[in-house]
Amino acid sequence: MDLTLSPTTTPQRAGLYIHIPFCRKKCHYCDFYSTGAATKGRIDEFIAALRQEMELQRSFWPDEYDTLYLGGGTPSLLSLDQLAEIIDTVRKTFPLTQDAEQTIEANPDDITPAYLRGVRSLGFNRLSLGLQSLRDENLIWLGRRHKVAQGLWAIEAARQAGFNNLSLDLIFGLPERLPTAGQGQNSLSLWLRELDEAICYEPEHLSCYQLSYEPHTLIMRQKQQGLIQPLTEAEEADYFLETSALLESRGYLHYEVSNFSRGEKWLSRHNQKYWQHIPYLGLGPSAHSFARGRRCWNHRSLSLYCQTLKQGSLPIAGEEILGPEELRLETLYLGFRTRRGIHLTEFCRRFGQNLLSDPPGLANRLIDEGKLEVRGEWLCPTRQGLAIADALALMW
Ligand code: SF4
């Protein structure tokens, strides 16, 4: 089975991301921006501000878009009418291609068959389900609202509603826990069993994230208090490599550190824009945008976001202009996180560096160690290379 990527799949049109900043409750590991105040009035106020932001951004972003991604937060907290209002404004404001990939994230306990059919009829053709785990004790520890049975039901319901492009989110590398932290046993074999069960549902796409301990989260406090036993670096590497091996043995393409698809057809077109420096416009609180070497981000506060837009200004909190060195480093960092890797000639043209010979001996050593390989014009990380993708980038 050929698990390489063809260079022709490089997407070039812009992507559109909308951040829905509401969650019913905060999960214990999450540091994405969201607020719990999801009243109808608050959501309507947000949608009014979002429509204003679209209007203001219209002239700055004349590009054609071939992806739309509603993430969060929890987009599935919005009613079908509220979603329709957003989508209607998107279509009137931004040119979406006929074949645009249109993704919405959903939590299993928010959805009903009618809701999923409604979402499908609004034009969403890709559903990303926040399953996270197939063990109830882990879902509780992670602070998720749903049970495993609801997650599995949601997969079936999505299929029946006509979603033939389904992505499942899973988290691995959970720690051993003391009773005071909600006792739980975890091991590599238990995780692989969970993953096996998820594969049985034949999702077109899987995002498998290694658990990370973000500042100000409950699990970080438990770690600091010694209530949990996080994985060692060696254990983390084992989880990563075994996850990749299992999924590739079942026909999944491990195309980015945390992402797997059943072949090129089901790659996340939207996420590739982040990894390949292709322009994307982010709308909503905390959303990031990138174009022509400039990255900017919105206020990480719903109130400030709404207030700024009411005053007729864009809700931009900050920006950075990436100079040649920053772009070079990001190209390395992002490129080594994808199986496609880095195009050698293109990299040399942009940054004047031949990665195979500068610095001398480095590429050959990493190739000999089985971390990199050359495929035609591309310098690509192997599975072992993906496991240390961030460190690889720093070596150049
Ligand atoms: S539902 Fe998603 S965005 Fe909301 S708190 Fe949980 S992980 Fe974070």
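Of the residues Pro359, Pro175, Pro230, which exhibits the maximal mean-square fluctuation in a Gaussian network model of the chain defined by a 10 Å Cα contact cut-off?
Maximum among the listed residues: Pro359.
Name the residues of region 297-327 whose amide N is less than 18 Å from a point 7 angstrom out from the Cα of His288 along the C-beta direction?
Answer for region 297-327: 297-301, 315-327.
What is the gain in length, in nm to one decimal, between Arg375 and Trp153 on full extension, counting 0.36 nm per residue of separation less the C-alpha to C-alpha distance?
Values: separation 222, 0.36 × 222 = 79.92 nm, distance 4.17 nm.
Answer, rounded to one decimal: 75.8 nm.
If I compute solvent accessible area with a 1.4 Å probe over the protein chains, what percent of it on the chain is carbon and sulfur?
Values: 8800 of 17190 Å².
Here it works out to 51 percent.
Where a ≥ b ≥ c are the square roots of the eigenvalues of the C-alpha gyration tensor, would you call region 339-394 rounded, which needs a/c under 1.5, or, failing that, prolate if a/b is larger than b/c, or oblate?
Prolate, since a/c reaches 1.5 and a/b exceeds b/c.
Exactly which trypsin sites (Lys or Arg not before Pro) in region 278-323 are in a DSSP loop and have at most 12 other Cβ atoms within 10 Å? Numbers along the way, then the final one.
On the way: sites: Arg292, Arg294, Arg295, Arg300, Lys310; in loops: Arg292, Arg300.
Passing sites in region 278-323 are Arg292.
Label Leu56 and Ala84 with points 7 Å out from Cα along Cα→Cβ: what is the distance between them in nm?
Placing both labels 7 Å along Cα→Cβ, they lie 2.9 nm apart.
Rounding to the nearest 20 debye, state how big the charge dipole of region 208-344 is about its Cα centre with +1 on each Lys and Arg Cβ and -1 on each Asp and Glu Cβ. Please report the intermediate quantities before stating the final value.
On the way: 16 positive and 14 negative charges, 139 e Å.
The calculation lands at about 660 debye.
What accessible surface, in Å², does a 1.4 Å probe find on Leu304, ignoring ligands, DNA and RNA and rounding to the nearest 10?
Result for Leu304: roughly 70 Å² accessible.
Can you work out the PRE-style zone for Lys92? Point 7 Å along Cα to Cβ, and I want the residues of region 42-77 with backbone N under 15 Å.
In region 42-77, the label zone of Lys92 (backbone N under 15 Å from the point 7 Å along Cα→Cβ) covers 47-58.
Which listed residue (Gly173, Trp61, Asn125) has the Cα farthest towards the positive end of the charge dipole for region 53-199, taking +1 on Lys and Arg C-beta and -1 on Asp and Glu C-beta about the Cα centre?
Gly173
With 24 Å as the limit, write out which pairs from Lys273/Lys310; Lys26/Lys147; Lys26/Lys223; Lys25/Lys92 have Cα-Cα distances beyond it, or answer none. Could you put the intermediate results ahead of the total?
Working: Lys273/Lys310 30 Å; Lys26/Lys147 16 Å; Lys26/Lys223 18 Å; Lys25/Lys92 33 Å.
Exceeds cut-off: Lys273/Lys310; Lys25/Lys92.
If I take R0 = 56 Å and measure r between the Cβ atoms of Gln210 and Ser121 in this structure, what FRET efficiency does the formula 1/(1 + (r/R0)^6) give, to the nearest 0.05? Numbers along the way, then the final one.
On the way: r = 36 Å, r/R0 = 0.64.
Efficiency at R0 = 56 Å is approximately 0.95.
Under a 1.4 Å probe, what is the accessible area of the chain per residue, stated in Å²? Don't skip to the answer; put the middle values down first.
Working: 17190 Å² over 396 residues.
Per-residue value: 43 Å².
At a 4.7 angstrom Cβ threshold, list every cysteine in the chain that has nobody to pair with, or say none.
Among the cysteines of the chain, those whose Cβ sits 4.7 Å or more from every other are Cys23, Cys200, Cys208, Cys296, Cys306, Cys348, Cys380.
Where the only charges are on Cβ atoms (+1 Lys, Arg; -1 Asp, Glu), what is the dipole of the chain about its Cα centre, to the nearest 20 debye? Show your work: numbers first, answer last.
Details: 42 positive and 48 negative charges, 177 e Å.
About 840 debye.
Which order do you get for Cys348, Cys306, Cys200, Cys23 if you rank them by accessible area with a 1.4 Å probe, largest at the top? Kindly include the intermediate steps, with their values, before the conclusion.
Numbers: Cys348 55, Cys306 5, Cys200 100, Cys23 25 Å².
Ranked list, largest accessible area first: Cys200, Cys348, Cys23, Cys306.
From the residues Gln98, Cys23, Phe46, which one has its Cα farthest along the dipole of the chain in the positive direction, the dipole being from +1 and -1 charges on Cβ of Lys/Arg and Asp/Glu about the Cα centre?
Phe46
If I model a spin label at Lys265 and Glu326 as a point 7 Å from the Cα along the Cα→Cβ vector, what separation in nanometres do I get?
4.1 nm
For a quick check of your reading of the filter: which chymotrypsin sites (Phe, Trp or Tyr not before Pro) in region 23-109 sit in a DSSP loop and have no more than 14 other Cβ atoms within 10 Å?
Phe60
Can you sort Phe351, Phe22 by solvent-accessible area, 1.4 Å probe, largest first? If you can, show how the numbers build up before the last one.
Numbers: Phe351 40, Phe22 0 Å².
These residues rank, largest area first, as Phe351, Phe22.
Which distance in nm do the two modelled labels at Gln225 and Cys348 give, with both placed 7 Å along the Cα-to-Cβ direction?
5.7 nm
The values are calculated or read from the model by the stated rules, or taken from the named source; none is laboratory data. Predicted model, so just to flag it, every value in this text is computed and none were measured. For neighbour counting, all protein chains shown are included, and Cβ atoms are generated from backbone atoms with ideal geometry for every residue, glycine included. Accessible surface is based on the protein model in full, side chains and every heavy atom, while ligands, DNA and RNA are left aside. Shrake-Rupley method; radii C 1.70, N 1.55, O 1.52, S 1.80 Å.
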